[in-house]
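Each remark here refers to the structure printed beneath this line.
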Amino acid sequence: MIERPGVNHLVDLQSEWLDKFFTIFHDIGFDKGAAEAGIGVVVFYMVDRSISSIETAAKIRKKARKSEFVLLRNAAIGNLLHIPSAARSYMRIDKDRDLSLPRLSDAASVFIERQGFTFADFIARNGADAPLEIRNELWNFLEIIYNQREAGRSGTTLLI
């Protein structure tokens with residue numbers, strides 16, 4: 001990451017590694033060091049439909065204080081924000097952004113899970129490889145995501 005600062009890097013962690021990773025992240029001051037090196041750090045955390053997911057988001061935020069923190073809600077997974085106590089806990093988390101991914105139909109989900117599918121190719125080909133209904137749904141999906149973009153503190157524009 002340090003050798004290639006102009007390239008975006010993604011670290012995707014399984015839930016069982018979150019606590020250990022962010023404890024080390026915090027203890028070594030990774031986000032502060034990255035900022036000094038001119039590297040912006042953005043932590044995306046996907047909230048699911050458990051209260052422990054919201055609690056974990058709050059813990060991670062406390063360990064990643066110098067990083068941008070983005071909570072991501074995926075309608076396909078669901079969440080607990082319809083429950084007042086969960087919504088209050090969620091709203092207390094200091095976040096830089098709050099993003100929402102719409103739910104895709106089963107047909108669209110199967111289509112994008114195909115081997116070799118990328119949204120970059122879908123866009124480049126103007127969706128030509130997709131059946132009309134799926135093409136329209138995926139364009140709507142991308143438009144919803146696009147409309148949530150904004151410049152982050154690190155100066156980068158959010159790209160999903």
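The values are calculated or read from the model by the stated rules, or taken from the named source; none is laboratory data. None of these values were measured; they are calculated from a predicted model. Every residue, glycine as well, gets a Cβ built from its backbone with ideal geometry; the counts of neighbours run over all protein chains shown.
Yes or no: Ile93 closer than 18 Å to Thr56 by Cβ and of a type in the set (A, V, I, L, M)? Break it down stepwise before answering.
Working: closer than 18 Å to Thr56 by Cβ: yes; of a type in the set (A, V, I, L, M): yes.
When the stated conditions are applied, Ile93 passes them.
Among the residues of the stretch 20-37, is any in contact with a helix residue (DSSP H, G or I) (Cβ under 9 Å, 6 or more places away or on another chain) and closer than 20 Å to Ala76 by Cα?
No; the residues of the stretch 20-37 include none that is in contact with a helix residue (DSSP H, G or I) (Cβ under 9 Å, 6 or more places away or on another chain) and closer than 20 Å to Ala76 by Cα.
Yes or no: the stretch 75-87 includes at least one residue that is buried (at least 17 other Cβ atoms within 10 Å of the Cβ) and either assigned to a helix (DSSP H, G or I) or not assigned by TED's automatic domain parsing to the domain that holds Gln14 (or both).
yes
Which condition number in (1) of a type in the set (Ser, Thr, Tyr); (2) assigned by TED's automatic domain parsing to the domain that holds Phe141; (3) under 19 Å from Gln148 (Cβ atoms) is the one that Thr118 fails?
It fails just one condition, (3).
Within the stretch 12-36, count every residue that is in a loop (DSSP other than H, G, I, E, B) and surrounded by 10 or more Cβ atoms within 10 Å (Cβ to Cβ). Talk me through it step by step, then tell me what you get.
Of the stretch 12-36, the ones in a loop (DSSP other than H, G, I, E, B) are 12-14, 28-29.
Subsequent filtering for residues that are surrounded by 10 or more Cβ atoms within 10 Å (Cβ to Cβ) retains 13, 28-29.
Number of matching residues: 3.
Closer than 18 Å to Val11 by Cβ and among the acidic types (Asp, Glu) - does that describe any residue in the stretch 102-114?
For the stretch 102-114, residues closer than 18 Å to Val11 by Cβ and among the acidic types (Asp, Glu): absent.
Hey, among Val47, Val70, which residue is in contact with a helix residue (DSSP H, G or I) (Cβ under 7 Å, 6 or more places away or on another chain), buried (at least 18 other Cβ atoms within 10 Å of the Cβ), touching a residue at least 12 places away in the same chain (Cβ under 8 Å) and outside the structural domain of Arg149 (by TED's automatic domain parsing)?
Val47
Identify, from the list Gly33, Gly29, Gly38, the residue that is over 20 Å from the mean Cα position of the chain (by Cα), small (Gly, Ala, Ser) and modelled with pLDDT of 90 or more.
Values: Gly33 fails: modelled with pLDDT of 90 or more; Gly38 fails: modelled with pLDDT of 90 or more.
Answer to the check: Gly29.
Report yes if Gly33 is assigned by TED's automatic domain parsing to the domain that holds Leu81 and closer than 17 Å to Arg97 by Cβ, otherwise no.
Working: assigned by TED's automatic domain parsing to the domain that holds Leu81: yes; closer than 17 Å to Arg97 by Cβ: no.
No: the conditions fail for Gly33.
I'd like the full set of residues that are charged (D, E, K, R) and touching a residue at least 40 places away in the same chain (Cβ under 8 Å), limited to the stretch 9-44.
Asp19, the sole residue that qualifies.
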